[in-house]
Amino acid sequence: MSIAIAKPELAPRSPTMIVIVRLFQSRSFLIGAALVLAIALVAVFADVLSPYDPLRNSFRTRLRPPDSTFWFGTDHFGRDILSRVIHGARISLVIGLMTALLTGIAGTMIGAVAGFFPTLDNPIMRLMDALMAFPAIVLAIAVAAVLGASVVNVIIALSIATTPHTARIVRASVLVVREREFIEAARALGASDLRVLCRHVMPNAFGPLIVRLTYVFATAILAEAALSFIGVGPPPPAPSFGSIIAQGRDFITEAPWITIFPGLAIIVSVLGLNLLGDGLRDVLDPRMRT
Amino acid sequence: MTREIAIEARGLTKVFGGRGSVFGRQTGGARAVDGVDLIVRSGETLGLVGESGCGKSTTGRLLLRLIEPTAGSVAFNGRDLTELTKAELRRSRGKMQIIFQDPYGSLNPRMTVGDAISEAYVIHRIGDRASRAKSVLEMLDLVGLPRSAASLYPHEFSGGQRQRVGIARALALRPSFVVCDEAVSALDVSVQAQIINLLQDLQRELNLTYLFISHNLSVVRHISDRVAVMYLGRIVEVAEADHLFADPAHPYTQALLSAIPPSHPDEPRHRHELVGDLPSAHDIPVGCRFAPRCPFVQDRCRATDPQLSPLPDGRFVACHRAADGSLPTYRLNS
């Protein structure tokens, strides 16, 4: 008995601590986290980091290729692309983060209720199936077009588009956890449905959701670019990765740097998030490992 | 020895499935438990044995109304559990508890042992934080775990220790009736003995009534006062443990007992092996449900279903031939 219990004090004890320790041993998590953190810091300190005002027009500096003054070149209004990409990180990350949060909240509530209460499962999930039958991006375009172009509406549109799949993932893990014996033990003690769901089911069902939300985050950044490209994204002149690319497409042969640099920024963000998600998946959901 | 009846089941039946879905075809459903009558007396240990899938665990859960019976009633200390509302049922949960087979799966991996035990007090709003912590320590003492265990998580314990945690949680509200559902089956033999001794000590100390569900006949023989044998959702024999093991009345019990390995390798064995498989609970034979595998089967067995009825010596058996004494005498090895 004493052998099993007398562990060194530094050993990870709670399941959460064990996960954190394993994450720091995962290379893809560390690389992904470093990339995401770097972009997040750029977004937070955009005002300090950007060399110029991202909105300032200047005819004298129109369509300048990258040089030592304008590292990423300038666009057709003479605005500094580097400054615009730095500020664009702000809007793109806010859209990604808010979409992930809203999807997380809505998907958790819908999936938990559907998975936990068998009578509500069918009605709720058939509705989700109906939403999933539309391609997510088409749904987002439709919602954004109806609501009008603004950052908030893009977030709403993307959240609606990504919620059904997220709800399905949460429901699946709730279904698995619901059948475990400690759930029956809690019921045998007289725990109410709400207590069983909140204290026993959900804490053990969050793993796949967290992994899913990193992909929602990445998808939202990509989808924002797609929405901007067809003109239902965040309205100009405020820069986002997508809107910079959209404005640069008319000059893609004469001034490719306008589209290349925000494109690279998207690649780095999405790559970072996907690596982060892979690392999380390996630790939280080992059965999914390929 | 006539003690008060702690729990009494009448015609308990559970059919799983059965309702056709929109796309699925109509099915009969699996009759996991099919008309079980069972009495557990206060302070006794009733062993419930039978092969896998015969409905032992389902019966245990039906007695606690952890699953809703399709038909039948359960009276606990004279109150019909099947008539309680959900809220009334939740309030009375403290008096009847269950100890599970899998000592890992039955503990929430994200809750410390202390939280798992004190949850019972939180649910039933007993005491304040300090008195709950004190009660948790008392429970740990009671089941022989160190007090430091309260702040640890389930994965930091061995199987036997986890089972002690499960026992502490089940006993936290001082129940009078406890279902032990294969409570020692997942443990090493040496640990099994410790847990069985603990269960017996606790029974004496707290005047507990046990329904001890197991497929391990030696364990059941050791711990039980009376034993009920289950076959395909039905009780086929109930008798005092010593009586049942010395002189089984039902042909199925005879076959079951002959499967116990002898204690000495040179001892002659009279294996009494059953032919065929357990019939599906979806498709229960007409007449005696043991008839297709019974070596002593007669035509009447295939025609009418024998009811559980008393023999002159006080045992209960559901067999036409045992009831009228025409069953060929059968001697066990011992």
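The values are calculated or read from the model by the stated rules, or taken from the named source; none is laboratory data. Worth saying up front: this structure is predicted, and the values here are computed from it rather than measured. Quick reminder, even Gly has a Cβ in these numbers, built from the backbone with ideal geometry, and neighbours come from all protein chains shown.
The condition of being basic (Lys, Arg), surrounded by 13 or more Cβ atoms within 10 Å (Cβ to Cβ), within 29 Å of residue B:71 (Cβ to Cβ) and touching a helix residue (DSSP H, G or I) at 6+ places or on another chain (Cβ under 8 Å) does not hold for residue B:221. Do the conditions hold for residue B:187, that is, is it in a loop (DSSP other than H, G, I, E, B), away from chain A (no Cβ under 12 Å), crowded, with 20+ Cβ neighbours inside 10 Å and aliphatic (A, V, I, L, M)? Answer is yes for this residue. Here is the figure for the range A:108-124: residues that are without any contact (Cβ under 8 Å) to a residue 12 or more places away in the chain and either touching an Asp or Glu at 6+ places or on another chain (Cβ under 7 Å) or over 19 Å from residue A:195 (Cβ atoms) (or both) total 3.
Could you list all residues from the range B:61-95 that are away from chain A (no Cβ under 11 Å), more than 15 Å from residue B:176 (Cβ to Cβ) and in a helix (DSSP H, G or I)? Those that are away from chain A (no Cβ under 11 Å), more than 15 Å from residue B:176 (Cβ to Cβ) and in a helix (DSSP H, G or I): B:62, B:82, B:83.
State yes or no: is residue B:41 within 13 Å of another protein chain (Cβ to nearest Cβ) and surrounded by fewer than 24 Cβ atoms within 10 Å (Cβ to Cβ)?
Answer is no for this residue.
Being more than 17 Å from the chain's Cα centre (by Cα) and within 17 Å of residue B:94 (Cα to Cα), is that true of even one residue in the range B:181-189? No, that holds for no residue.
Within this structure, residue B:193 fails the test of being within 17 Å of the chain's Cα centre (by Cα) and either surrounded by 18 or more Cβ atoms within 10 Å (Cβ to Cβ) or modelled with pLDDT under 95 (or both). Residue A:147 - would you say it is at pLDDT below 90 and either on the phi > 0 side of the Ramachandran plot or more than 20 Å from the chain's Cα centre (by Cα) (or both)? So residue A:147 fits the description; yes. Scanning the range B:112-130 for residues that are more than 7 Å from chain A (Cβ to nearest Cβ) and either in a helix (DSSP H, G or I) or under 15 Å from residue A:191 (Cα atoms) (or both) returns B:113, B:114, B:115, B:116, B:117, B:118, B:121, B:122, B:125, B:126, B:129, B:130. Residues in the range B:148-157 that are in contact (Cβ under 8 Å) with a residue 12 or more places away in the chain and at the interface with chain A (Cβ under 10 Å from one of its Cβ atoms) were compared, and the one that is farthest from the chain's Cα centre (by Cα) is B:151. Any residue at all in the range A:181-192 that's touching a residue at least 24 places away in the same chain (Cβ under 8 Å) and either surrounded by fewer than 21 Cβ atoms within 10 Å (Cβ to Cβ) or not hydroxyl-bearing (Ser, Thr, Tyr) (or both)? No - not one qualifying residue is present in the range A:181-192.
Within the range A:171-203, the set of residues being of a type outside the set (A, V, I, L, M, F, W, C), under 19 Å from residue A:101 (Cα atoms) and within 13 Å of another protein chain (Cβ to nearest Cβ) comprises A:203 only. What pairs come up if the first residue lies in the range A:24-37 and is under 19 Å from residue A:96 (Cα atoms), the second is β-branched (Val, Ile, Thr), and their beta carbons are under 9 Å apart, counting only those six or more places apart or on different chains? Matching pairs, first to second residue: A:29/A:283; A:32/A:214; A:35/A:268; A:36/A:214. What are the residue pairs meeting all of these: first residue in the range A:47-65, first residue touching a residue at least 12 places away in the same chain (Cβ under 8 Å) and more than 9 Å from residue A:87 (Cβ to Cβ), second residue surrounded by 12 or more Cβ atoms within 10 Å (Cβ to Cβ) and of a type in the set (Lys, Arg), Cβ atoms under 7 Å, and 6 or more apart or on different chains? What qualifies is A:56/A:79; A:57/A:79. Restricting attention to the range B:86-104, the residues that are closer than 12 Å to residue A:186 by Cα and surrounded by fewer than 24 Cβ atoms within 10 Å (Cβ to Cβ) add up to 3. Residues that are within 14 Å of residue B:115 (Cβ to Cβ) and in a helix (DSSP H, G or I) within the range A:184-197 comprise A:185, A:186, A:195, listed in sequence order. Is it true that some residue in the range A:51-68 is of a type outside the set (Lys, Arg), part of a helix (DSSP H, G or I) and at pLDDT below 90? Yes - at least one qualifying residue is present in the range A:51-68. Of the residues making up the range B:168-177, those that are more than 10 Å from chain A (Cβ to nearest Cβ) and not in a loop (DSSP other than H, G, I, E, B) are B:168, B:171, B:177. Scanning the range B:257-275 for residues that are part of a helix (DSSP H, G or I) and over 23 Å from residue B:44 (Cα atoms) yields one hit, B:258.
Yes or no, residue by residue, for (1) within 20 Å of the chain's Cα centre (by Cα); (2) not charged (D, E, K, R):
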site: A:169; (1), (2): yes, yes
site: A:175; (1), (2): no, yes
site: A:180; (1), (2): no, no
site: A:186; (1), (2): no, yes
site: A:198; (1), (2): no, yes
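Being modelled with pLDDT under 95 and more than 21 Å from residue A:168 (Cβ to Cβ) is a property that residue A:89 has.
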